[in-house]
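Every number in this text was worked out from the coordinates using simple rules, so none of it is lab data. Just so we're clear, the structure is a prediction, and the values are computed from it rather than from any experiment. Note that each Cβ is placed from the backbone with ideal geometry, even for glycine, and that neighbours are counted across all protein chains shown.
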Amino acid sequence: MSTQDLINKLWSLCHLLRDDGVTYNEYLNELTFLVFLKMVEETGQEKLIPEGYRWADIENFNAATRLEEYKK
């Protein structure tokens, strides 16, 4: 996937969130947090994040309940 493809996909998802009533500040905050968690994992620093809040934990949530688990 090219950088432009990734940008387009991200904006597409942001538009979906906006259409569902999520404000720019809300989705920017959540997106920043998720990118941070992913980068911590990719740099091997996940031990600095408490268990239950790591990228792998979010990734392993049941797809049907992922949003509810994430909100906790």
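Figures for the structure shown
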quantity: Whichever lysines have a C-alpha closer than 19 Å to that of Lys71, once near sequence neighbours (fewer than 8 apart) are set aside; calculated: Lys38
quantity: Computed FRET value (nearest 0.05) for Met1 with Tyr70, which takes r as the C-beta separation and R₀ as 25 Å; calculated: 0.60
quantity: Distance from region 41-64 to region 1-19 (C-alpha centre basis), Å; calculated: 23 Å
quantity: Set of aspartates and glutamates with alpha-carbon distance to Lys9 below 15 Å, sequence-local pairs under 8 removed; calculated: none
quantity: Aspartates and glutamates whose Cα lies under 19 Å from that of Lys47, excluding same-chain neighbours fewer than 8 positions away; calculated: Asp57, Glu59
quantity: Neighbour-count order for Met39, Met1, fewest beta carbons within 10 angstrom listed first; calculated: Met1, Met39
quantity: Lys, Arg +1 and Asp, Glu -1 on Cβ, resulting dipole of the chain about Cα centre, debye, nearest 20; calculated: 60 debye
quantity: Glu26, Glu41 arranged by Cβ crowding within 10 Å, fewest neighbours leading; calculated: Glu26, Glu41
quantity: Order of Trp55, Trp11 under a 10 Å beta carbon neighbour criterion, fewest first; calculated: Trp11, Trp55
quantity: The chain: C-alpha pair distances exceeding 13 Å, %; calculated: 72 percent
quantity: 13 Å beta-carbon shell around Gln45, net charge (K/R +1, D/E -1); calculated: 0
quantity: Radius 14 Å from Cβ of Leu31, net charge of other residues (Lys, Arg +1; Asp, Glu -1); calculated: +1
